[in-house]
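> I'd like to ask some things about the structure below.
What follows is calculated from the coordinates using simple rules that are stated; it is not laboratory data. This structure is a prediction, so every number in the text was calculated from the model and none was measured. When we count neighbours, we look across all protein chains shown, and the Cβ atoms used for this are built from the backbone with ideal geometry, even at glycine.
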Amino acid sequence: MYTAAVSKLRKPADFYHPDAYGAEDSVGYLMRRVVTGMAQGVDRRLESVGLTNAQWLPLIRLRVFHDATVAELARGCQVDAGAMTRMLDRLEAKGLIRRVRSTADRRVVNVELTAEGAHAARQIPAVLCEVQNAHLSGVTRAEWQALKATLRRMLENSQALHDAAP
């Protein structure tokens with residue numbers, strides 16, 4: 001099934017071979033380690049404002065889009081609705097968000113930032129920039145741009161594989 005989807009794409013790269021495969025050289029493994037390191041850095045930096053790495057994304061999305069339903073936030077944060085509900089419970093307990101029943105449709109519950117949540121959300125971009133810049137120490141602007149271009153191409157390939165799968 002996966003092989004059939006791959007065959008619909010441009011010719012796959014030939015970088016990895018089963019007889020010489022080592023996880024420590026795997027792009028996926030290395031990306032996961034970098035993402036984990038960044039998440040730990042964000043956790044350390046956001047600890048002073050009472051947030052975790054997992055909590056910043058819904059706050060930023062609410063800051064940008066102002067209000068949203070749980071389902072919209074879950075889709076935007078790429079988590080299931082149950083996980084998003086639990087996350088919102090924690091953010092609500094911290095006084096950062098509130099749930100407001102829609103006046104147009106009482107079945108719909110919108111989520112919005114409180115004043116405290118808006119203040120916390122304004123601090124997040126600086127933290128994210130600091131952590132990412134620290135992880136990019138010693139990387140040239142050209143390397144940074146090439147890395148982003150490569151990751152975008154990999155995301156396109158991933159989406160194409162997903163779309164091509166039966």
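> Test of understanding: what is the full-extension gain from MET154 to TYR29, defined as 0.36 nm times their sequence separation minus their Cα-Cα distance? Let's see the in-between values first.
On the way: separation 125, 0.36 × 125 = 45.00 nm, distance 1.43 nm.
Contour length minus Cα-Cα distance gives 43.6 nm.
> Same structure, new question: Full-extension gain between ARG141 and PHE65, please, as 0.36 nm times their residue separation minus the C-alpha to C-alpha distance. Write out the running numbers ahead of the final one.
Numbers: separation 76, 0.36 × 76 = 27.36 nm, distance 3.06 nm.
Contour length minus the Cα-Cα distance gives 24.3 nm.
> Please give, to one decimal in nm, the separation of the simple spin-label points placed at GLU112 and ARG86, each 7 Å out from Cα toward the Cβ.
Going from the GLU112 label point to the ARG86 one covers 2.9 nm.
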